[in-house]
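Notes follow the structure.
Only the coordinates and a few stated rules stand behind these numbers; no lab work does. Predicted model, so just to flag it, every value in this text is computed and none were measured. Every residue, glycine as well, gets a Cβ built from its backbone with ideal geometry; the counts of neighbours run over all protein chains shown.
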Amino acid sequence: MKVQFTLGLFLAALLFSAPLSAQVKEARFGHIDTQSLLESMPERNSIQTEIEGAAAQYEQEIVRMQGDLEAKVAEYQQKAESWPAAIRAQKEQEITQDQQGLEQFYGTVQQELAMLEQNLLEPMIQRARKAIEEVGAEEGFTYIFDTSAGATVYNGGEDVLVLVKAKLGL
């Protein structure tokens, strides 16, 4: 009797778990080097050209400011001994202010270039992300890992770069 009861429980558990196991989907993993994908997108070149153009304009201004500063320093070094203390102090203050202004401008330029790059790249990144999500859904991937950061410990699964490029028409 005990054997029949145990067998009955086993069969009942088997019957109830069968539908659950049929619903369990096998995990499918993919990986993609998003950096490689972004570099292969045609708009990347025009974005890079625009950023380089803006950087060149800033560089011209920085070179001009450095030239002005160097001229003031050279004048100070030549004439400092012949100037009265008040003029010497005034020139030192001008040089210090120009140095600080140049450093501040350089920092602002770095921020503006980073912001420009982010604003220009965002639509391209969103387009790539959408294509990756669509390929993941269409091909039944559970996860698609980005290998461009180098943080992936296990490099198994399928490379979906070709599928995403095809989705983007590249």
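Residues are listed down the side, and each one gets a yes or a no for (1) out of contact with any Phe, Trp or Tyr (no Cβ under 7 Å at 6 or more places or on another chain); (2) farther than 13 Å from Gly30 by Cα:
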residue	(1), (2)
Ala86	yes, yes
Lys91	no, yes
Glu94	yes, yes
Asp98	yes, yes
Glu133	yes, no
Glu138	yes, no
Thr142	no, no
Leu161	yes, no
Lys165	yes, yes
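Look at region 89-109: where a residue is surrounded by 10 or more Cβ atoms within 10 Å (Cβ to Cβ) and a partner is part of a helix (DSSP H, G or I) and aromatic (Phe, Trp, Tyr), sitting 6+ places away or on another chain with Cβ atoms under 7 Å, you get Lys91/Tyr76; Ile95/Tyr76; Val109/Tyr58. Per the conditions (1) more than 25 Å from Thr34 (Cα to Cα); (2) free of Cβ contacts under 8 Å to residues at least 40 places away in the same chain, the sole criterion not satisfied by Ala114 is (1).
So which residues in region 41-60 are surrounded by fewer than 14 Cβ atoms within 10 Å (Cβ to Cβ), in contact (Cβ under 8 Å) with a residue 12 or more places away in the chain and either of a type in the set (D, E, K, R) or touching a helix residue (DSSP H, G or I) at 6+ places or on another chain (Cβ under 8 Å) (or both), if there are any at all? Explain how you work it out, then say what you get.
So in region 41-60, the residues surrounded by fewer than 14 Cβ atoms within 10 Å (Cβ to Cβ) come out as 42-43, 45-46, 49-50, 52-53, 56-57, 59-60.
Pick out the ones that are also in contact (Cβ under 8 Å) with a residue 12 or more places away in the chain and you get 42-43, 50.
If the condition is that a residue be surrounded by fewer than 14 Cβ atoms within 10 Å (Cβ to Cβ), in contact (Cβ under 8 Å) with a residue 12 or more places away in the chain and either of a type in the set (D, E, K, R) or touching a helix residue (DSSP H, G or I) at 6+ places or on another chain (Cβ under 8 Å) (or both), then Glu43, Glu50 are the ones that fit.
Among the residues of region 21-79, count how many are under 30 Å from Lys165 (Cα atoms), among the β-branched types (Val, Ile, Thr) and part of a helix (DSSP H, G or I). Total satisfying the criteria: 4. Cβ-Cβ distances below 9 Å connect the following pairs, each with a first residue in region 157-170 that is over 10 Å from Glu139 (Cβ atoms), a second residue that is charged (D, E, K, R) and part of a loop (DSSP other than H, G, I, E, B), and a separation of six or more residues or different chains: Gly157/Arg28; Asp159/Asp33; Leu161/Asp33. Scan region 137-153 and give yes if some residue there is of a type in the set (A, V, I, L, M), assigned to a helix (DSSP H, G or I) and touching a Ser or Thr at 6+ places or on another chain (Cβ under 7 Å), otherwise no. No - not one qualifying residue is present in region 137-153.
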